[in-house]
1. Any residue at all in the range B:270-282 that's in contact with a helix residue (DSSP H, G or I) (Cβ under 8 Å, 6 or more places away or on another chain), in contact (Cβ under 8 Å) with a residue 12 or more places away in the chain and assigned to a loop (DSSP other than H, G, I, E, B)?
2. Could you grab me the full set of residues in the range A:33-50 that are within 22 Å of residue B:3 (Cβ to Cβ), more than 7 Å from every other protein chain (Cβ to nearest Cβ) and surrounded by 15 or more Cβ atoms within 10 Å (Cβ to Cβ)?
3. From B:398, B:436, which residue is over 30 Å from residue A:77 (Cα atoms) and touching a helix residue (DSSP H, G or I) at 6+ places or on another chain (Cβ under 7 Å)?
4. So residue A:177 clears everything in (1) away from chain B (no Cβ under 14 Å); (2) within 15 Å of residue A:153 (Cα to Cα); (3) touching a strand residue (DSSP E or B) at 6+ places or on another chain (Cβ under 7 Å) except one condition, right? Which one?
5. Filter the range B:92-105 down to residues that are over 32 Å from the mean Cα position of the chain (by Cα) and either assigned to a loop (DSSP other than H, G, I, E, B) or surrounded by fewer than 14 Cβ atoms within 10 Å (Cβ to Cβ) (or both), then give me how many there are.
6. Here is a list of conditions, (1) touching a helix residue (DSSP H, G or I) at 6+ places or on another chain (Cβ under 7 Å); (2) buried (at least 22 other Cβ atoms within 10 Å of the Cβ), and residue A:366 meets all of them except one; can you say which number that is?
7. With the structure loaded, tell me whether residue A:242 is buried (at least 24 other Cβ atoms within 10 Å of the Cβ) and within 14 Å of chain B (Cβ to nearest Cβ) or whether it fails that test.
8. Mind counting the residues in the range A:230-259 that are outside any helix (DSSP H, G or I) and touching a helix residue (DSSP H, G or I) at 6+ places or on another chain (Cβ under 6 Å)?
């Protein structure tokens, strides 16, 4: 017995030692974080080293595959329902992605500003906990959805902030607010879109807190077409068809006539597996998403467009970007980036239309929407509010910028995670000093 | 560094083992363990490692001093008081200063700056170990340790340093100087370590994830109760898993640590629960606080109040832990006074009622924010909808885990192991039978599978909380 025990121990010890030696031998030390005395003392170095070691552990990929199998035990579901509900934190940091092959525009050095004589109010910088809005991701069959949880206080604050922005605009500027629901409102089981998850109630509350703003009823427009392909199943965004119905609602509010969708030239990308799959890929239920990818159909503007994007409000060093990229490389897995090249700080689109200038404050939901506006405006200026007035980011005084650009209309377009995100609302708030 | 990390399992521990078994002689092995323990601690606490050594040095000095003074003399008592005051002062300074200043600010409307002192990992464990040492020397129950290095080894030994059990000096004093390292002991230790790792990584981590998901924003009665059940699983499998790993590693190095958990959720009363839960803490408070205060003989109510207040606060510098301790004080006192009545209630009902009381207790323990705690209790007792589809999906996803955790809390796994072990080693056999060989291989395969699954899980999941950072 002693011999057997010793043999077993030697096997176990050998495995541990072999794995340890292999892991150290294969470790790419240059990919580990550098260790300095301050980082050692504040414990960040050892934490980062442990993380770095874990990420380079031998046979990581096959072991991750085994982990997915193991997760069938921890995230059990039966039959075709293929149900999964996990915590999700989305919001200000989410969606800020652009095409990798777009060059980085250079922000201009700001002119030295005179020291203000009056004390400026303290900026409410977001804390770590503020960054995300809280919710749930569910998979139901072959569809994944991010379900927001209402934070009524924040929603009201969002409405008030939009009103404050509207009040700061030149008097001739019309301000529109479009808060869109996401797919969770239409395709999730009842309890995921009622009560604290009811996006209709969130939008009503938000619009109710606004004044001096024209609200756009995108909810009704989308709800009437919920049986169509208006939201992706594997991605958190709407399809461009969904954006089109919201655009129709905007046209109703703004006094425009929206062309029929079949008048647009269209094309498509097949096999799109988006953000919801990426977020849930470790869970067994996500296989249904991978096996049933989305098709992204785009609709080209009916007028000529020329777009440049910029790092800041100086609008210098603009880089051309297609309003809709019809030739995305196969390697670009996030096909939603075909719209405006993804999220850029400022994008200026010159069109062949004869209308005025529209400024759009938006996050990524706006990217599929904006191309439709080319029909009504000669110039569209998009601003990603997440790219300004933060630490290390360029400054933006929205009222001043709006005057400089001579805008006629301002559209603020967001989805429910944004109106529940303290950090995002703070970013909006800081646009008006 | 924590035991349930890849770098510990595949770099630190194998290197430590290699050095331990290659270095000849007990002195050398002790040296390896001291060095490993200090590196282990400094990895997570690069500055506080000096505090650890300083505490060890001070208590070593007091131990020597107390040992030199006459038994029963005032000087001896004064030396003990000084040692205990110093230990408690260190604990209070690092653990409770922030809480006290903040509370003073809140109550007296002051604006005193609240010191941001990071709590040294494991400070409550090694301070209590040190107190047990000087107290035992004072009582003349053990001789003072002559070698500082051996004493430093006792205080800093990494298997029990950051999450217990609270090992008393008297329990391992002899093993510091002479211990038997056997193949059987190492095998038992290795298997126990794998079981503990599996409890922590494969059960506690996932149960904790479900609990956090349901308890972060309580919405339904069923969801909150289920979340609290999963938290009860988490804290049991986490804590007892760490204790298993500590005991297992101790065996590998030749140390025999006392057991710290004994199926606490099978307890028939709260009194019984505390005999089975974190046993080393309960016996510490009994022997070093309750009995010296007079125990059952005088001021029993006051003594219980003090012990349970301290037990609560020991778990963290937050008033909810005090409330948690007081909750058990009330329950234990009530049990003492109604022993006869309770004895007439069927055991099954008593067990279920005990579990109910424990879940309420864990609710107080879970929420450091009073508002959230009250809200959770309100929801648990009917202050919200009974059920939602969302909770249904979470419960469905967690169903297999719930079943395994529930079975794991019962004596069934232990009985199953004993039954197989009994079959494998039938009485009267002088030589091991093939059954005994098969059993041993079976145990090995099972535990190796736990190690493999834990490794896989550690690679695939970023959720690996360390619950004892507040202790």
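The values are calculated or read from the model by the stated rules, or taken from the named source; none is laboratory data. None of these values were measured; they are calculated from a predicted model. With ideal geometry, Cβ positions are generated from the backbone for all residues, glycine too; neighbour counts draw on all protein chains shown.
1. Yes, that holds for at least one residue.
2. The initial filter retains those residues of the range A:33-50 that are within 22 Å of residue B:3 (Cβ to Cβ), namely A:40, A:43-50.
Filter once more, so that each one left must be more than 7 Å from every other protein chain (Cβ to nearest Cβ): A:44-45, A:47-49.
Correct list: A:45, A:48, A:49.
3. Step by step, each of B:398, B:436 is checked, and only B:436 is over 30 Å from residue A:77 (Cα atoms) and touching a helix residue (DSSP H, G or I) at 6+ places or on another chain (Cβ under 7 Å).
4. The one condition residue A:177 does not meet is (2).
5. Residues of the range B:92-105 that are over 32 Å from the mean Cα position of the chain (by Cα), as a first pass: B:105.
Subsequent filtering for residues that are either assigned to a loop (DSSP other than H, G, I, E, B) or surrounded by fewer than 14 Cβ atoms within 10 Å (Cβ to Cβ) (or both) retains none.
Of the residues in that region, 0 qualify.
6. (1)
7. Details: buried (at least 24 other Cβ atoms within 10 Å of the Cβ): yes; within 14 Å of chain B (Cβ to nearest Cβ): no.
So residue A:242 does not fit the description; no.
8. Initially, the range A:230-259 is screened for residues outside any helix (DSSP H, G or I), giving A:230-239, A:255-259.
Cutting the leftovers down to touching a helix residue (DSSP H, G or I) at 6+ places or on another chain (Cβ under 6 Å) gives us A:230-231, A:234-237, A:258.
Counting residues in the range A:230-259 that are outside any helix (DSSP H, G or I) and touching a helix residue (DSSP H, G or I) at 6+ places or on another chain (Cβ under 6 Å) gives 7.
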